[in-house]
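**Student:** What follows is a single structure, and I will ask about it in a moment.
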Amino acid sequence: MKNLKRNTARFFERNRNKGIPKLLTILAIARVVLFIVINMDQSRLLYSLLVFDPEKIMHWQLWRLISFVLLPDSGSIIGFLLSVIFYIFLGRMLESSLGTLRFNVYFFFSVLLLDAVTLLIYAIEPVAGFACSYALPLMLDYSLLFAFAVRFGETSVYLFFILPLKMKYLAWIDLFMLIMYAVSAPGLAKLLPLFALLPCVLFFFSELPALLPSFMQRKPYRTPRRQVIDSTGYSERPAKKAAKKEIPLYHQKCTICGRTDLDSPDLEFRYCSKCRGYHCYCMDHISNHPHILDEE
């Protein structure tokens, strides 16, 4: 399992720039265009052709499996524009952190998983299947938001441009909303929120504790300091030894300037696909460095 995890991480790192770049930005622009067109179309023909409809998908209208992600959220114009801005911000941050390929895989895996679960529920219980189809865009947004909260839990967003709130606490609010949906949903539709969270669990299982409040997170164990007791019973501090201090291990270090993710935690690091081997560079040198063609 460890070898599979390591090989998968290497594969995504080698091919991090492959895939569809700025995927959520493209979807956000498409939603703006469709928002204008759909509101101008009184017959709502275009909307009916793109919406997820299990019955019509069973009759081979397979484009509906993907096209529903293009549909804009219904509501006020201001709320829609705020969601578009947040969608672009979320996609840019996740793509920069995960890499283009890994983010694409996460997004399309979430879409296809929700599609498969909805069709299966429809085959067993049609009423619950139709209820799931209406909630699919919202569940996809929840899946992306939880991925963002795991990676950037300490990032603050401003609700209504007034109230600052950390993403990990916003994720807890969204989790409560998913529980409320599960309580009110009919039949097997109650299971849909579980599958909305499943991609986040599969892709970021080791990082999920970051969503916990600070007092619930596990703190590193510190070895108690040893004391020397002399013959009189008084304790004395041991003499200082000229020993080298243990340098904490870093995860990423720039090949050019030597900065690491420990001394510069806010700095982003990336691997160059043109250099031979694994060579990490900070954002100041990723586009401005001589390529290493020989590992020796």
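The values are calculated or read from the model by the stated rules, or taken from the named source; none is laboratory data. Everything numeric in this text was worked out from a predicted model, so none of it was measured. Cβ coordinates were reconstructed from backbone atoms using ideal geometry, including for glycine residues, and neighbour counts include every protein chain displayed. In case anyone asks, the SASA skips ligands and DNA or RNA and just uses the protein heavy atoms, side chains included. Shrake-Rupley method; radii C 1.70, N 1.55, O 1.52, S 1.80 Å.
**Student:** Quote the FRET efficiency, to the nearest 0.05, computed for R276 versus R92 with a Förster distance R0 of 35 Å and r equal to the Cβ-Cβ distance.
**Tutor:** After rounding to 0.05, the efficiency reads 0.75.
**Student:** Can you give the extra length, in nm with one decimal, that the chain gains between A30 and Q42 once fully stretched, where that is 0.36 nm per residue apart less the Cα-Cα distance? Write down the numbers at each step before the final one.
**Tutor:** Values: separation 12, 0.36 × 12 = 4.32 nm, distance 1.94 nm.
Residue separation times 0.36 nm, minus the Cα-Cα distance, leaves 2.4 nm.
**Student:** Want the number for A116 to L198: 0.36 nm per residue separation, take away the alpha-carbon distance, what's left?
**Tutor:** Taking A116 through L198 to full extension adds about 28.2 nm, to one decimal.
**Student:** Order the following by accessible area, largest value first: H289, H251, H59. Probe radius 1.4 Å; ligands, DNA and RNA are ignored. Write out the running numbers ahead of the final one.
**Tutor:** Details: H289 25, H251 155, H59 130 Å².
Final ranking, largest accessible area leading: H251, H59, H289.
**Student:** Taking only protein heavy atoms and a 1.4 Å probe, what accessible area per residue, in Å², does the stretch 77-116 have with all protein chains in place?
**Tutor:** Working: 1610 Å² over 40 residues.
Per residue, the stretch 77-116 has an accessible area of 40 Å².
**Student:** Could you check the simple spin-label distance between H59 and T8, using points 7 Å along Cα→Cβ, in nm with one decimal?
**Tutor:** Result for the modelled spin labels: 3.9 nm.
**Student:** Once you have the Cα-Cα distance between F108 and S287, take 0.36 nm times their residue separation minus that, and quote the gain in nm to one decimal.
**Tutor:** The span from F108 to S287 would gain 61.5 nm if fully extended.
**Student:** Grab the beta carbon distance between N15 and S264, set R0 = 22 Å, and tell me the FRET efficiency rounded to 0.05. Each step should come with its number before you reach the end.
**Tutor:** Details: r = 26 Å, r/R0 = 1.18.
Efficiency, rounded to the nearest 0.05: 0.25.
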